[in-house]
Each structure stands twice: as C-alpha cells, then as structure tokens.
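Reviewing the structure listed below.
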Amino acid sequence: MATTQQTPGQNGTPTSQQGPPGCGRLLLLDGHSMAFRAFFALPVEKFTTSTGQATNAVYGFTSMLIKLLRDEQPTHIAVAWDLSGPTFRHDSYTDYKAGRADTPPELPSQVEFVQELLKMLGITSVSASGYEADDVIATLTARGREEGMEILIASGDRDAFQLVDDTCTVLYPGRSLSELARMTPDAIEAKYGVRPERYRDLAALVGEKADNLPGVPGVGPKTAAKWIAKYGSLDELVARAGELTGKAGQNLRDHLDHVLRNQQLNRLDPDIELERPVTELTRAEADRAGVHGLFDNLEFASTLRDRLFAVLGDTGEDDAPADDEEFAVELTVPAPGELGAWLRANASGGARCG
C-alpha cells in the first residue's frame, strides 16, 4: 500500500496557482535522485552549520525546487521517495543494486530536512512499500495522462526515459544545479539512437552498473541502438539472435539470460495502488513561519528564503522587521576645509549625521 503525506498550510486549503491552459501541468520529482544530485553538486565543507550539521543537499534541493516552480509553473506537484528495505526487484534478483557505495553519512539527516521542508510548503510526498520512486512516478505519470495533463519528471535516473512521449518530458540534471536538459522523444533519439519506448530495450543490452545489472560484454549504446533499429525491438532481436555475426553476436547469445532479466527489472510499474488521486496533488498554502524556523536552524541566509517565497507568490512582507523610527534630515554642503569643523559641531550628543 502506498503512503502519501501532505501538510496543508495555515488554513489547510490549496493555494491558487497559475499554469498552462487545459487540464494542468503535473511536476514529479524523484526525491532521493535530486537530493543526491544536490549533495554532490555543492561542497559539504562549505555548507555546514556552526553545530556541524551538513546542509548542502537541503540548500541544493531547495534551489532546484525554486527553479522548477519558477520556470515550469506546475498546477500539480509531488515528490516520490524510495523507502528502505527490499523491493519486488530484489525478489527477482537478490543481487539487485548490490555493491553500491555507502550513502554519505552527511546525507540521511538532510533528506529528513528536505521532507520536512516539503511538508511546510504543502507539497505532497509519495512512497510505496516494495516499490521504488521510479514506479511511483510511472504510476502518477499514467494517471496524469488519463486526466489529460502535461507531465514533467525531474530525475537523474535514466530509467525515467521510458516514460517520455509527446505529453511527458524528463528534466535531466546536468553538471550544475541550474542545468536541466529537456529530454523529449527527439532529444532521447538524438542522444541514444532509439525512441523512448525502446530505451528499456537498449538499457537491457547495455546494462546498468548502478543497479548491478551487467549488460552484454563489448556492446555499448551504439551497437545496441543499431541492433534495435534493425530488428525493431529487443524481443525480435532475441528471437533472431542466431543471425548476428562476430564476437558481439556471440556475446549476446552467451548472455541472453542477463539481457532478459535486465529487460524485466528495468520495467517501471505504472499501476501501483496510491491513496491520493493525481488531481489532488495541488500545493497547499505554505507554513511560512515554519520555513523561517527551519532555515534559521540550518543557518541559511535570507537570500534563499526570499527566492523561495517569491516563487511561491509570497513575499513575506509581514515578517520583515519594522522600519526604524523617522528622523529629520538636514543637508549641509561644507566648503573645502570646513568638514572637520562641521563634524565637531554636529557629530556629538547622540545626534544622527553622516
């Protein structure tokens, strides 16, 4: 059973948002993927509080969220998170994701802060026991399509490319936090030589090191794309594997079991049971006081929160310090050589002058 979290703002009502005409624009974020991206994009030694709490992932995630909200103006938004524990893929392949490097010790606490911030911003977090965030995103994408929505997926996981079509675009992180490549069907074909609906076939042949899914030895994306273009699909390629010549062809025949396993595990499940309908994934009113408290705790400068509230349509003016009391200003222009005497005569007794 999937779980969802949404903390409304001060009055529990969704905020009004501007967006595209029609049925809306759904923005889906892969929470851990984007948090990892933020963590490694900003040096942890430069983002640490006076108490030693690392903040680079929180700062970077917030910066990316601000950019996405500002540039994309979604009408609906959700963040999908992985849960600890095995998934149905581990049931099929016990070594799935084995050998991954340990999570940096500074990251888990920051993920909790990010999730806390999302609650304060009225943004829904979604997860599903036994499934990965990718599967949650695939399900929400399918349901968004049913509602006629335009869909944007912010993720650094290439498995999301299989979801791309004319109504769905993946925003793929680049080298900097501000760089997000728009992976449309044409963009995926230009980079990988296959259309999005065949990306899963290509990944099955090439493998995925991060998931401990070995591919066919000596077969890279170009060879895999050439085979898929010739035979039309991985299923047809496997059925006619005996026609392939050379070492690459023999390697494919020798590793067909790996390829078929990869194809099965790469498939994202688009039909998870979720508690909240996609039409309810609107952003609730932000708990501005809570955000201020969290940012104070993390020792963030006012610049980040100003940017955040500006994109939320909330300037926070009523939290600004009160203006200083008024005072009279008298302008005097001393003649050359008279400034010292003027200061001695006027900059005394607590009178304001400059």
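Quick notes
- For Phe61: the one exception among (1) free of Cβ contacts under 8 Å to residues at least 60 places away in the same chain; (2) surrounded by fewer than 19 Cβ atoms within 10 Å (Cβ to Cβ); (3) within 16 Å of Leu308 (Cα to Cα): (2)
- For Val136: the one exception among (1) part of a loop (DSSP other than H, G, I, E, B); (2) among the β-branched types (Val, Ile, Thr); (3) within 17 Å of the chain's Cα centre (by Cα): (1)
To keep it simple, each residue is scored yes or no on (1) in contact with a strand residue (DSSP E or B) (Cβ under 9 Å, 6 or more places away or on another chain); (2) acidic (Asp, Glu); (3) crowded, with 23+ Cβ neighbours inside 10 Å.
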site	(1), (2), (3)
Leu28	yes, no, yes
Thr48	yes, no, no
Ile66	no, no, no
Leu69	yes, no, no
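- When region 197-215 is filtered for residues that are open to solvent by 10 Å² or more (accessible area, probe 1.4 Å), over 16 Å from Thr94 (Cα atoms) and not basic (Lys, Arg), the ones remaining, listed by number, are Glu197, Tyr199, Ala203, Val206, Gly207, Gly215.
- Subset tally (residues that are among the aliphatic types (A, V, I, L, M) and surrounded by 22 or more Cβ atoms within 10 Å (Cβ to Cβ)) for region 164-193: 5
- Evaluated against (1) open to solvent by 50 Å² or more (accessible area, probe 1.4 Å); (2) in contact with a helix residue (DSSP H, G or I) (Cβ under 7 Å, 6 or more places away or on another chain); (3) not in a helix (DSSP H, G or I), Glu116 falls short on exactly one condition, (3).
- Counted residues, region 274-284 - those being within 18 Å of Thr62 (Cα to Cα) and either open to solvent by 40 Å² or more (accessible area, probe 1.4 Å) or basic (Lys, Arg) (or both): 1
- Residues of region 173-201 that turn out to be among the small types (Gly, Ala, Ser) and either modelled with pLDDT of 95 or more or on the phi > 0 side of the Ramachandran plot (or both), as a count: 4
- Filtered residues of region 87-113 (kept if loosely packed, with under 12 Cβ neighbours inside 10 Å, in contact (Cβ under 8 Å) with a residue 12 or more places away in the chain and not basic (Lys, Arg)): Ser92, Asp95, Ala98, Gly99
- Members of region 109-133 found to be over 16 Å from the mean Cα position of the chain (by Cα) and not hydroxyl-bearing (Ser, Thr, Tyr), listed by number: Met120, Gly122, Ala128, Gly130
- Test for Arg195: is it closer than 28 Å to Pro173 by Cβ and touching a residue at least 60 places away in the same chain (Cβ under 8 Å): no
- Test: residue in region 246-256 that is open to solvent by less than 20 Å² (accessible area, probe 1.4 Å) and out of contact with any strand residue (DSSP E or B) (no Cβ under 9 Å at 6 or more places or on another chain): yes
- Flag if Val278 is among the β-branched types (Val, Ile, Thr) and touching a residue at least 24 places away in the same chain (Cβ under 8 Å): yes
- Residue in region 147-163 that is without any contact (Cβ under 8 Å) to a residue 24 or more places away in the chain and surrounded by 15 or more Cβ atoms within 10 Å (Cβ to Cβ) present: no
- Unique residue being surrounded by 18 or more Cβ atoms within 10 Å (Cβ to Cβ), of a type in the set (Asp, Glu) and touching a residue at least 40 places away in the same chain (Cβ under 8 Å) when the list is Asp271, Asp287: Asp287
The values are calculated or read from the model by the stated rules, or taken from the named source; none is laboratory data. Nothing here was measured: the structure is a model prediction, and the numbers come from that model. Positions of Cβ are generated from backbone atoms using ideal geometry, with glycine treated the same way; all protein chains shown enter the neighbour counts. Note: accessible area is taken over every heavy atom of the protein model, side chains too, but ligands, DNA and RNA are not part of it. Shrake-Rupley method; radii C 1.70, N 1.55, O 1.52, S 1.80 Å.
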